[in-house]
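The values are calculated or read from the model by the stated rules, or taken from the named source; none is laboratory data. Quick caveat, the model's predicted, so the values are computed rather than measured. Here the Cβ positions follow ideal geometry from the backbone for every residue, glycine too, while neighbour counts run over all protein chains shown.
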Amino acid sequence: MRYYQFPKADEVRIDGGFFGHYMDIMADKALPYQWKVLNGELDGNPTVRNFYIAAGLETGSFSGVPYQDTDLAKWIDAVGCSLAGRKNEELERTADKVISAIVKAQDPDGYLDTYYQLVCPEKKWTDPESHELYCFGHMIEAGISYYEGTGKRALLDAACRLADHVCRVFGPGENQIHGYRGHEIIEMALVRLASITGRKQYEQLAEYFITARRDHPDLFYQDSRREGNPLDYGCWGWGDPERESSSYEHVTGHAVRAMYLYSGMADVAREMNDPAMQNHCAELFRDVTESQMYVTGGIGTTSVLEAYTYPYDLPNGTMYAETCASIGLCFFAQRLLRFQNRSSYADVMERCLCNILPAAVAQDGKHYFYVNPLEVNEEACRKSPLKTHVKPVRQPWYECACCPPNLARMLLSLPRYLYSWAEDRINIHLYAQSEAKLCPGGREITIEQQTEYPLHGEVRLRVRCGVSAPLTVALRIPDWCSDYSVMLNGTIATGKMEDGYLLLERDWEGNAEIVLQMKMAPVWLRANRNVREDCGKAVISRGPVIYCIEEKDNGELLQDIEADYRVPLTETVRRDVDGFLRYTAVIACGSRSAEQSGHRNCLYYPLTEDRRTVSVTAIPYCIWGERTAGEMTVWINI
Ligand code: FUB
Ligand code: ZN
């Protein structure tokens, strides 16, 4: 079995282009803004204060949601990722200071969850739905990222104490809790901590949690009945005894929890070298991405329990499509790439990273989407009970604010997603303006990418290798791309295609230049005919970028527009979004109801050919709502 390693955040530097732009937003605008929010400057948000109270540095009582701690943990995680690539002394000092309060707040036995510590210490580990392991997991991840970004161990040591505590409390032993608790993430965190510290017990505990959910899927249900807990997120275990299908066979339940569970499962499947579990993960990935994923990379169909429903149920205006769920989908895809190098995993990461995830933050870094709609009408968001969770504009913050700091850590950790390698091979998963120093088989290889991808389809790669040795450079050919060429040092390069990667097998001594040209033209996509919502509609895409139409360009009543997909699409370059890059808008030909129709005010009237021709302007989904609020739709009537 071949396993691939991914870079640490400081081994790759993304320095411009589309992805660099979003990393800049996060580092320069979002991190300072989020720090102010977490310190209560926006609306009295109590996150940082809770830690100061728990540390005995301030007086007062806990406030916020029970898992409020994770917002700060994710922020520190993001700071760690950012500092790995760009030094910022002031930011580091700020993080060091709050970390010392966090360390002070930790109990001598390693426990750290300010809600339980301050509100109900007697209830620690008693509630099957508690977010304690979620808080622990995020803090462990923060400790690791901060250590990787700065070399400082204070939070990493606290993370080890957290993990040691969980190892004592959970497990098969007589005086331990058998089973698991609430929201996943601890599994991924433990495996990552084991690989940093070399402590196998953390990995074994992750395996214990994963297999406990598989072997005792009813454990939570028994507990929850005992506790009279009415919640049913359907993703406590892989098998759900009370549902037709189980989340072991099909992706069901809470969208974020499921992705975190499966990501942890993929980590365990790799570490335990378990091919059956690995294939199982691949099946689950296929299940979610082939029948329950939006064209933007969103997942999670309904706001009721923030869950999946059934295959091909993908409503555009009432969906959930939480930002964190697509972040979880990227975690899952990247973990699968560690043991199965298939382009379909990186294609999904790219779909999320070019569409739903950048759409979730405004260019000012101060406004965010939690729910990511594919169709918006402001009045419906205010008045329809089915849409009250849908916001027509990005919000400064949320009461349950899991998404903004999660997005910061995701986008600032992007360097970790570009490449993977084994002894004799480097896989290039994502194209982004960047420089990397990688060491497959102990040889130092640098790769520079010059590109404006995904806004343009040309990628120039300069590969520098000190020592001559055979090496395969595997270029992902994205799923959207049917017309491409590859030049190596000025001549056409050919190679075998394997699982969506073009393999360039050579002795790579000295400098080499690869030029990958992917023809990027706008096209119409349609949905599988089982997706009832999208019948009679199509979406415009250009490369991996999904487009939408907005009221700002096309007037109100977007549902009145019918596009003529037989007329070729044209392009126009624009720079009209404050703070954003130059981008390509796409123009389609379409029609609308005639202005002068005598039936204008009738609710129903006889069908006629009474339509006028209009041009329809589409812009990348990631910048919807940036210029002004108004109607938006991704799927267009055809
Ligand atoms: O429960 C913590 C977070 O809140 C979940 O990850 C999100 O889906 C939201 O429910
Ligand atoms: Zn979230």
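Would you point out which residue out of THR296, THR289, THR323 is within 16 Å of ligand 1 (Cβ to nearest atom) and in contact (Cβ under 8 Å) with a residue 40 or more places away in the chain?
From the options THR296, THR289, THR323, the qualifying one is THR323.
Which of the following residues is more than 27 Å from the chain's Cα centre (by Cα) and either in a strand (DSSP E or B) or among the charged types (D, E, K, R) (or both): VAL467, VAL459, VAL486, VAL473?
None of the others qualify; the one that does is VAL486.
Say whether the condition of being of a type in the set (Gly, Ala, Ser), more than 23 Å from ILE623 (Cβ to Cβ) and outside the structural domain of CYS622 (by TED's automatic domain parsing) is met by at least one residue in the range 367-384.
yes
Please determine, by comparing only the residues of the range 411-439 that are assigned to a helix (DSSP H, G or I) and more than 29 Å from LYS496 (Cβ to Cβ), which one is nearest to ligand 1 (Cβ to nearest atom).
Selected residue: LEU411.
Quick one: in the range 326-358, of everything that is of a type in the set (Phe, Trp, Tyr) and more than 16 Å from ligand 1 (Cβ to nearest atom), which residue is farthest from the chain's Cα centre (by Cα)?
Looking at residues that are of a type in the set (Phe, Trp, Tyr) and more than 16 Å from ligand 1 (Cβ to nearest atom), I get PHE339.
Scan the range 531-583 for residues that are aliphatic (A, V, I, L, M), more than 17 Å from ILE619 (Cβ to Cβ) and without any contact (Cβ under 8 Å) to a residue 40 or more places away in the chain and report the count.
Here the count works out to 1.
Test of understanding: among GLY630, GLY590, GLY598, which residue is part of a loop (DSSP other than H, G, I, E, B), out of contact with any Cys (no Cβ under 6 Å at 6 or more places or on another chain) and closer than 30 Å to VAL393 by Cβ?
Matching residue, one of GLY630, GLY590, GLY598: GLY630.
Hey, any hits in the range 403-410 for a residue that's in contact with a Lys or Arg (Cβ under 8 Å, 6 or more places away or on another chain), in contact (Cβ under 8 Å) with a residue 24 or more places away in the chain, closer than 17 Å to LYS74 by Cα and assigned to a loop (DSSP other than H, G, I, E, B)?
Scanning the range 403-410, I find no residue that is in contact with a Lys or Arg (Cβ under 8 Å, 6 or more places away or on another chain), in contact (Cβ under 8 Å) with a residue 24 or more places away in the chain, closer than 17 Å to LYS74 by Cα and assigned to a loop (DSSP other than H, G, I, E, B), so the answer is no.
Of the residues LEU438, LEU461, only one is aliphatic (A, V, I, L, M), surrounded by fewer than 20 Cβ atoms within 10 Å (Cβ to Cβ) and more than 20 Å from VAL348 (Cα to Cα); which?
LEU438
Can we say MET319 is outside the structural domain of ILE428 (by TED's automatic domain parsing), surrounded by 22 or more Cβ atoms within 10 Å (Cβ to Cβ), within 16 Å of ligand 2 (Cβ to nearest atom) and over 13 Å from the mean Cα position of the chain (by Cα)?
yes
Per-residue answers, yes or no, for (1) within 16 Å of ligand 2 (Cβ to nearest atom); (2) surrounded by fewer than 22 Cβ atoms within 10 Å (Cβ to Cβ); (3) not acidic (Asp, Glu):
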| site | (1), (2), (3) |
| --- | --- |
| VAL348 | no, no, yes |
| ALA359 | yes, no, yes |
| ASP364 | no, yes, no |
| CYS381 | no, yes, yes |
| CYS400 | yes, yes, yes |
| CYS403 | yes, no, yes |
| ASN406 | yes, no, yes |
| ARG409 | yes, no, yes |
| ILE426 | no, no, yes |
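Counting only residues that are within 16 Å of ligand 2 (Cβ to nearest atom) and either of a type in the set (Asp, Glu) or in a loop (DSSP other than H, G, I, E, B) (or both), how many does the range 49-70 have?
6
Looking at (1) surrounded by 16 or more Cβ atoms within 10 Å (Cβ to Cβ); (2) farther than 30 Å from ALA585 by Cα; (3) touching a residue at least 60 places away in the same chain (Cβ under 8 Å); (4) of a type outside the set (Asp, Glu), which is the one condition that is false for ARG443?
(3)
Residue pairs, Cβ under 7 Å, 6 or more apart or interchain, first in the range 101-126 and within 15 Å of ARG49 (Cα to Cα) and small (Gly, Ala, Ser), second at pLDDT 95 or above and not in a helix (DSSP H, G or I). List them.
Short answer, once both residue conditions are applied: ALA101/ALA55; ALA101/LEU57; ALA105/ALA55; ALA105/LEU112.
Being farther than 30 Å from HIS250 by Cβ, crowded, with 21+ Cβ neighbours inside 10 Å and of a type in the set (S, T, N, Q) narrows it down to one of THR150, THR114, THR197, THR126, so name that one.
THR114
If I ask for residues that are within 23 Å of PRO620 (Cβ to Cβ) and part of a loop (DSSP other than H, G, I, E, B), which ones from the range 287-314 would you list?
TYR294, VAL295, THR296, GLY297, GLY298, GLY300, LEU314
Any idea which of (1) more than 21 Å from the chain's Cα centre (by Cα); (2) part of a loop (DSSP other than H, G, I, E, B); (3) of a type in the set (A, V, I, L, M) is the one VAL390 doesn't satisfy?
(1)
Report, by residue number, each residue of the range 379-403 that is away from ligand 1 (no atom under 16 Å from the Cβ) and acidic (Asp, Glu).
GLU379
Which of (1) in a strand (DSSP E or B); (2) in contact with a Pro (Cβ under 9 Å, 6 or more places away or on another chain); (3) of a type in the set (D, E, K, R) does GLU533 not meet, given it meets every other one?
(1)
Mind telling me which of the residues LEU42, LEU31 ends up being touching a residue at least 60 places away in the same chain (Cβ under 8 Å), more than 15 Å from ILE102 (Cβ to Cβ) and not in a loop (DSSP other than H, G, I, E, B)?
Exactly one of LEU42, LEU31 is touching a residue at least 60 places away in the same chain (Cβ under 8 Å), more than 15 Å from ILE102 (Cβ to Cβ) and not in a loop (DSSP other than H, G, I, E, B), namely LEU31.
Take the range 122-154 and flag every residue that is away from ligand 2 (no atom under 16 Å from the Cβ) and small (Gly, Ala, Ser).
If the condition is that a residue be away from ligand 2 (no atom under 16 Å from the Cβ) and small (Gly, Ala, Ser), then SER130, ALA142, GLY143, SER145, GLY149, GLY151, ALA154 are the ones that fit.
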